[in-house]
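A short write-up of the structure that comes next.
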């Protein structure tokens, strides 16, 4: 899996780097009508949009997975409680099991 990650991420990173070097021209950017335009390189505008999209996506996934995280926490608590119950109870010996077993007609 790591091999596939590096197989995809290295060429993609090189493509973004090459694109940033090629598009070093400056553009005028105005976010709000009130502010004066800012002159910035094209690649910085692109990388800022890419980073904003990444953060927006990560935040939405984190917020939407809250229910699953809560259920996982509750299941872990239940598992710890059941494990504690198992360790607190004394083990049943063979003799106790034979005594507690009902008489079966064979």
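Details
- Relative contact order of region 17-88, pairs being alpha-carbon contacts under 8 Å that are 6 or more residues apart, as %: 19
- Region 17-88 - Kirkwood radius from inverse mean 1/r over Cα pairs (Å): 16.7
Any read-out appearing in this document is the output of simple, stated calculations on the displayed coordinates, not a laboratory observation. Worth saying up front: this structure is predicted, and the values here are computed from it rather than measured.
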